[in-house]
1. Can you confirm whether the range 171-179 contains a residue that is within 30 Å of Glu368 (Cα to Cα) and either part of a strand (DSSP E or B) or at pLDDT below 95 (or both)?
2. Give me the strands (runs of 3 or more DSSP E) completely within the range 98-164, filtered to those with at least 3 residues that are surrounded by fewer than 16 Cβ atoms within 10 Å (Cβ to Cβ), ordered by residue number.
3. For the range 49-66, how many residues meet the condition of being surrounded by fewer than 16 Cβ atoms within 10 Å (Cβ to Cβ) and touching a residue at least 24 places away in the same chain (Cβ under 8 Å)?
4. Could you check Ser172 against (1) surrounded by fewer than 17 Cβ atoms within 10 Å (Cβ to Cβ); (2) under 30 Å from Met366 (Cα atoms) and say which number it fails?
5. Does Asp203 count as within 16 Å of the ligand (Cβ to nearest atom) and at pLDDT 95 or above?
6. Quickly run through the range 101-122 and pick out the residues that are near the ligand (Cβ under 7 Å from one of its atoms) and among the small types (Gly, Ala, Ser).
7. Within the set of pairs 6 or more residues apart or between chains, which connect a residue that is farther than 30 Å from Asp353 by Cβ inside the range 1-26 to a residue that is among the charged types (D, E, K, R) and at pLDDT 95 or above with Cβ atoms less than 7 Å apart?
Amino acid sequence: MSYDAFREQVRTFLNENLTPELRRAGELTTTVFSDFEASQAWHRILYQQGWVAPDWPVEQGGTGWDVNERYIFQEECKLANAPSLFALGLQMLGPMLMGYGTDEQKARYLPRILSGEDVWCQGYSEPGAGSDLASLRTAAVRDGDDYVINGQKTWTSMAHHANKMFLLVRTSKEGKPQAGISFLLLDDMQAPGLKVDPIISLDGRVEQCACFFEDVRIPVANRVGEENQGWAVAKFLLEFERGGHNYTIDLKKQIKKVREIGAMHHGIDGRPSLENVTLASRLAELEVDALAVEYTDLRLKRAFAEGGNAGALSSLAKLTGTELTQRFHEIALDMLGPAALPYQPDALEPGFDGSLVSEDYALTTMAEYLNGRASTIYGGSAQVQRNIIAKLVLQLDS
Ligand SMILES: Cc1cc2nc3c(=O)[nH]c(=O)nc-3n(C[C@H](O)[C@H](O)[C@H](O)COP(=O)(O)OP(=O)(O)OC[C@H]3O[C@@H](n4cnc5c(N)ncnc54)[C@H](O)[C@@H]3O)c2cc1C
């Protein structure tokens, strides 16, 4: 099938399956996460169609599409305002288990990630361990066939919705900090001794949580990789986190959005913001930079398609993709000026049917801007990505 025909096939599917409610949920998405119910509903539709995990091998439930088809699919979904899927299972844990999991772990977990029955969250960061992740202290002590876990994880995205968590724990204090870490799978977010507290974000909503462990038991059979060798597993997974996101498609959506805002909104001179020479030339510059990110993204996709992990390229994509997205958020605010200021969080719920205090086209701009500040922190901060690039690409070892 030609790529044009493939694109048509995807569009037809989206026209038939993406309901107005789901499209609205996608339109109102201001972070990487869409409304939970909408996201799960869309996951089930894609699963029924066999299209939920295009990046997975066919024998594990993938689609068999080549790298361009996968790109077209993601692009069409994004531009049609499909809700985003909860990516931690599909994009991170699943591919990692294919590399490091036992046969039992693969058989047990992969089908449930595909079907959407399991929603995973990531327990890496702790109050004293973010960029310096290897200093993590949440302890796992062997007791018969279980580990007993005590400690705290923080910034755990979607822990209040997830039913499972993959986490890093300290199983030894001997040697280098990296050498005493193990990777565990927690099967039940309702497990005795686990407390999940929501963290209220800058925009007043909840996406992250603090998770407290008091004598929580996890079977030894739920360890991925050898004891004390979880660091390699954790790093392998992080490359999927940093490289698994398609920034180019996000940026294309941002360009479309900023152009729409700039055409619809009129400044104090009574003319569309897009006709303001300063804003228009800034936007042109951003569009050129977005093209450069697209090429990095395509190189990354090729590396994944050829079966490898992408190494430092994933840091490059993460760094440039997130910084540029933030610049798009900034120009969207500048296009709107004071019209961006009204903030109505309840209007960002998909079912909202009240009246709006701002124009519909301005509804998400401030929330996107505020949430977008975090994108250069999570998944490894911008400074840390620069360190990795300096070391692995530029060979600037300190
Ligand atoms: C919205 C959001 C969602 C998140 N979701 C998750 C999640 O689901 N699961 C999870 O485990 N974690 C999650 N995190 C945590 C995230 O991974 C950490 O916030 C991140 O790794 C940074 O760690 P920190 O917050 O402890 O900051 P710190 O590590 O304390 O860094 C503070 C500042 O110092 C800089 N810095 C630190 N080390 C260096 C260095 N060596 N060189 C130069 N500069 C440096 C950093 O860039 C930063 O500017 C999330 C965070 C956010 C904000």
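The values are calculated or read from the model by the stated rules, or taken from the named source; none is laboratory data. Since this is a predicted model, take the numbers as computed values, not measurements. No Cβ is skipped: glycine too gets one built from the backbone with ideal geometry, and neighbour counts run over all protein chains shown.
1. The initial filter retains those residues of the range 171-179 that are within 30 Å of Glu368 (Cα to Cα), namely none.
No: the range 171-179 contains no residue that is within 30 Å of Glu368 (Cα to Cα) and either part of a strand (DSSP E or B) or at pLDDT below 95 (or both).
2. Details: elements: 120-123, 139-143, 146-157.
Per the criteria, 139-143.
3. Just the residues of the range 49-66 that are surrounded by fewer than 16 Cβ atoms within 10 Å (Cβ to Cβ), to begin with: 49-50, 57-59, 64, 66.
When the remaining residues are screened for being touching a residue at least 24 places away in the same chain (Cβ under 8 Å), the result is 49, 57, 66.
Selection size over the range 49-66: 3.
4. Here Ser172 clears every test but (2).
5. no
6. Initially, the range 101-122 is screened for residues near the ligand (Cβ under 7 Å from one of its atoms), giving 121-122.
Listed by number, the list is empty, since nothing qualifies.
7. Arg7/Glu76; Val10/Glu76
The rows are residues; the columns are (1) in a helix (DSSP H, G or I); (2) buried (at least 18 other Cβ atoms within 10 Å of the Cβ).
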| site | (1), (2) |
| --- | --- |
| Phe6 | yes, no |
| Gln9 | yes, no |
| Thr12 | yes, no |
| Glu21 | yes, no |
| Gly26 | yes, yes |
| Thr30 | no, yes |
| His43 | yes, yes |
| Tyr47 | yes, no |
